[in-house]
Amino acid sequence: MQQSGASGSEMEVTWEDQQNINKFGRLNNRLHELEDEIKIAKESNENFEDASNELILTDEEMVRFQIGEVFAHVPKDEVENRIEQMKEVTEKNLEKLIEEKESILSQMAELKKILYGKFKDSINLEED
Amino acid sequence: METSASTSASVSERRGIPAAAFVEDVQIYLSQTGLDVNSALAFLQERLQQYRVVEMKLLAQQRDLQAKIPDIEKCLDVVATLQAKKGTGEALIADFEISEGIYSRARIEDTDSVCLWLGANVMLEYSREEATALLQKNLENAKASLEVLVADLQFLRDQVTITQVTIARVYNWDVHQRRLQQAVATASDS
């Protein structure tokens, strides 16, 4: 996001305008962070899916399940439950992240309308 | 998600980071500071650089904290697992890494205490409850520090934005002035 006035005009910028620009910047930063977090959450979910599938295929009774830095020997049923729980937590988290992202996108659209309305070509709010 | 931005108008600095003064009118700003356009631009650019340096530092601290928090959560997980095993009387069998790529099997008997690595080559033995309490406190502290850090970064980025806008406006004002002077000059020539 850049703010550059190439026209050389005497553009008045009020404190309210500055606050809107600041808020847009903050929202944009948060949006990028969210996109990264959403990507990680989606990968986690995929890993859990893969793990569940592997579990179903294996015929061993004891599974080496990573807790912290070690692999504990845990009975298959318990591992299934744990994975289910972890999957639920990640899914809920993912939902929350996606909701936040939508809210931010709509706030940014609002701010774009306001700022472009006042500054027209003197401001650039697009991703470069 | 964030505190109202109108409060930052009254804050002159935050935790050592100076706030960027908002310029209502470029002409008045220049006459108040007594700077000509180039000096003003140089000053603002230098401020921007200083902000960037602080931003790098804060980002590094943020990365550290963000790595530390999952580590503490993993430790809490292990202690909780030991806690769960307590009732059953079974030993916990775990494979652990003794060197890169080399694993060994351990048999962890039912025990009431765990040892926690406190850093600086110090390891202390705690009861399970004490260990859980200590780890929990560390986790909360780390999360609270992270929150403060994130707020610092938001404040800092706002100041960067204000400074960037001020630079653009001072520059534009200058271009505008030159055009006016040129117009006056050509008018008086003709």
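Yes/no matrix, rows are residues, columns are (1) touching a Phe, Trp or Tyr at 6+ places or on another chain (Cβ under 6 Å); (2) among the hydroxyl-bearing types (S, T, Y):
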| residue | (1), (2) |
| --- | --- |
| A:V79 | yes, no |
| A:E84 | no, no |
| A:T90 | no, yes |
| A:L115 | no, no |
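Only one residue in B:L76, B:L82 is in contact (Cβ under 8 Å) with a residue 60 or more places away in the chain, within 13 Å of another protein chain (Cβ to nearest Cβ) and farther than 25 Å from A:N29 by Cβ. Which one?
Exactly one residue qualifies, and that residue is B:L76.
Checking A:L55 against (1) under 24 Å from the mean Cα position of the chain (by Cα); (2) in contact (Cβ under 8 Å) with a residue 12 or more places away in the chain; (3) under 24 Å from B:A84 (Cβ atoms), which single condition isn't satisfied?
(1)
When the stretch B:33-73 is examined, which residues are found to be within 13 Å of another protein chain (Cβ to nearest Cβ), without any contact (Cβ under 8 Å) to a residue 60 or more places away in the chain and loosely packed, with under 13 Cβ neighbours inside 10 Å?
Listed by number, the residues that qualify are B:R63, B:P70.
Quick check, is A:E37 of a type in the set (D, E), assigned to a helix (DSSP H, G or I) and in contact (Cβ under 8 Å) with a residue 40 or more places away in the chain?
Yes; evaluated as a whole, the condition is true for this residue.
Taking the options B:R179, B:R157, name whichever one is closer than 23 Å to A:N28 by Cα, part of a helix (DSSP H, G or I) and basic (K, R). Quick ask: steps written out before the conclusion?
Working: B:R179 fails: closer than 23 Å to A:N28 by Cα.
Answer to the check: B:R157.
Would you confirm, using the coordinates I've provided, whether A:E43 is in contact with a strand residue (DSSP E or B) (Cβ under 8 Å, 6 or more places away or on another chain) and loosely packed, with under 13 Cβ neighbours inside 10 Å?
Here the answer is no, as A:E43 does not meet what is asked.
Got a number for residues in the stretch A:66-89 being surrounded by 15 or more Cβ atoms within 10 Å (Cβ to Cβ), at pLDDT below 90 and within 30 Å of the chain's Cα centre (by Cα)?
Selection size over the stretch A:66-89: 3.
For a quick check of your reading: which strands (runs of 3 or more DSSP E) sit entirely within the stretch B:71-119 and have at least 2 residues that are within 14 Å of B:L135 (Cα to Cα) and out of contact with any Gly (no Cβ under 9 Å at 6 or more places or on another chain)? Let's see the steps before the verdict.
Values: elements: B:92-99, B:102-108, B:113-119.
Where strands (runs of 3 or more DSSP E) fall fully within the stretch B:71-119 and carry at least 2 residues being within 14 Å of B:L135 (Cα to Cα) and out of contact with any Gly (no Cβ under 9 Å at 6 or more places or on another chain), they are B:113-119.
Report whether or not A:H32 is within 14 Å of chain B (Cβ to nearest Cβ) and farther than 23 Å from B:D71 by Cα.
yes
Does B:E125 count as among the acidic types (D, E), assigned to a strand (DSSP E or B) and without any contact (Cβ under 8 Å) to a residue 24 or more places away in the chain? So that I can check it myself, show each step before the final result.
Values: among the acidic types (D, E): yes; assigned to a strand (DSSP E or B): yes; without any contact (Cβ under 8 Å) to a residue 24 or more places away in the chain: yes.
Spelling it out, B:E125 is indeed among the acidic types (D, E), assigned to a strand (DSSP E or B) and without any contact (Cβ under 8 Å) to a residue 24 or more places away in the chain.
Could you list, in sequence order, the residues of the stretch A:54-78 that are within 12 Å of another protein chain (Cβ to nearest Cβ) and among the aliphatic types (A, V, I, L, M)? Show your work before the answer.
At the first step, the residues of the stretch A:54-78 found to be within 12 Å of another protein chain (Cβ to nearest Cβ) are A:62-75, A:78.
Hits for the stretch A:54-78 are A:M62, A:V63, A:I67, A:V70, A:A72, A:V74.
The values are calculated or read from the model by the stated rules, or taken from the named source; none is laboratory data. None of the values given here were measured: they were computed from a predicted structure. Reconstructed Cβ throughout: ideal geometry from the backbone, glycine too, with neighbour counts over all protein chains shown.
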